[in-house]
């Protein structure tokens, strides 16, 4: 079983002008499952992602002590990639999910067999701490300097959206990411022009495609083609919750027969614990 692995991030994070793209990640263990079940359930998805990454990341470039604040500096795409790596480390490459055809006259339930490796995009070839673009519309042209949204931006924006203020949340996210907007007269524009607010999210999405995973599907019954957003955080936490229903039974079983302590059992990776339980149950079945 793998205890830790090194991965490269699509965008990377910047420290004093230098970009670092390597991160070490360990798989989930029993203690993490309990933390997820007892602590993360009341948090928003962006906050859950931060807490989970801060817990399972063991190194970021030259930094070996990871805090939630550091987990928030990753771009949304980097966080998505790390969650996918964490899922593969913990449970393997294959995953299953179901979706209903959105066509109103069909609604067929489709069972999907997916691979994490297929959802991980190649490293971005050209990364910057800050990007510049020119946006034209409404008889005006603007030069915009901006960065990609991070976990911190997403947490603040989703907090407002969760409170019902979706427009303010989206606007706040953009304002946090934009450094300067200059018009054709080289004058700084203080308020974000509507044309910039309309076009910039699409530009950001092109620069950080890992941030939003869309599955292209075709219904086998009616032939309707459609897209579905794959929410890695929601999927992973639900998978952990479903699997962890037997956690205390598995801990009891291993403690009873192997005489391992609570701490020893919870320190074992999730896959390894399940392997021991499977072997023990097989042996008990043969014995009786």
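Against the conditions (1) free of Cβ contacts under 8 Å to residues at least 24 places away in the same chain; (2) not assigned by TED's automatic domain parsing to the domain that holds residue 9, residue 106 satisfies every one except (1).
Condition check ((1) outside any loop (DSSP other than H, G, I, E, B); (2) over 23 Å from the mean Cα position of the chain (by Cα); (3) surrounded by 14 or more Cβ atoms within 10 Å (Cβ to Cβ)) across all residues:
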| site | (1), (2), (3) |
| --- | --- |
| 88 | yes, no, yes |
| 98 | yes, no, no |
| 104 | no, yes, no |
| 107 | no, yes, no |
| 117 | yes, no, no |
| 132 | yes, yes, no |
| 141 | yes, yes, no |
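Of the residues 137, 169, the single one that is at pLDDT below 95 and farther than 30 Å from residue 16 by Cα is 137. Among the residues of region 212-230, is there at least one that is touching a helix residue (DSSP H, G or I) at 6+ places or on another chain (Cβ under 9 Å), surrounded by 15 or more Cβ atoms within 10 Å (Cβ to Cβ) and not in a strand (DSSP E or B)? Looking for residues that are touching a helix residue (DSSP H, G or I) at 6+ places or on another chain (Cβ under 9 Å), surrounded by 15 or more Cβ atoms within 10 Å (Cβ to Cβ) and not in a strand (DSSP E or B), one finds none in region 212-230, hence no.
Surrounded by 14 or more Cβ atoms within 10 Å (Cβ to Cβ) and not assigned by TED's automatic domain parsing to the domain that holds residue 153: which single residue out of 269, 234, 275 fits that description?
Of the residues listed, the single one that is surrounded by 14 or more Cβ atoms within 10 Å (Cβ to Cβ) and not assigned by TED's automatic domain parsing to the domain that holds residue 153 is 269.
With the structure loaded, tell me whether residue 167 is free of Cβ contacts under 8 Å to residues at least 40 places away in the same chain and either closer than 16 Å to residue 134 by Cα or over 22 Å from the mean Cα position of the chain (by Cα) (or both) or whether it fails that test. Yes: the conditions hold for residue 167.
Candidates in region 49-86 are the residues that are in a loop (DSSP other than H, G, I, E, B) and on the phi < 0 side of the Ramachandran plot; of these, the one that is surrounded by the most Cβ atoms within 10 Å (Cβ to Cβ) is 74.
Filtered by the rule that a residue be assigned to a helix (DSSP H, G or I) and surrounded by 15 or more Cβ atoms within 10 Å (Cβ to Cβ), region 189-200 gives 195, 196, 197, 199, 200. When you scan region 266-288, how many residues do you find that are touching a residue at least 60 places away in the same chain (Cβ under 8 Å) and over 27 Å from the mean Cα position of the chain (by Cα)? Residues flagged as touching a residue at least 60 places away in the same chain (Cβ under 8 Å) and over 27 Å from the mean Cα position of the chain (by Cα) within region 266-288 amount to 0. Outside the structural domain of residue 77 (by TED's automatic domain parsing), under 22 Å from residue 11 (Cα atoms) and in contact with a strand residue (DSSP E or B) (Cβ under 8 Å, 6 or more places away or on another chain) - does that describe any residue in region 165-176? Checked region 165-176: no residue is outside the structural domain of residue 77 (by TED's automatic domain parsing), under 22 Å from residue 11 (Cα atoms) and in contact with a strand residue (DSSP E or B) (Cβ under 8 Å, 6 or more places away or on another chain). Those residues that are in a helix (DSSP H, G or I) and under 19 Å from residue 25 (Cβ atoms), I need them from region 269-285; list them, please. Answer for region 269-285, where residues must be in a helix (DSSP H, G or I) and under 19 Å from residue 25 (Cβ atoms): 270, 271, 272, 273.
The values are calculated or read from the model by the stated rules, or taken from the named source; none is laboratory data. All of these numbers come straight from a predicted model, not from anything done at the bench. Note: ideal-geometry Cβ built from the backbone for every residue, glycine included; neighbour counts use all protein chains shown.
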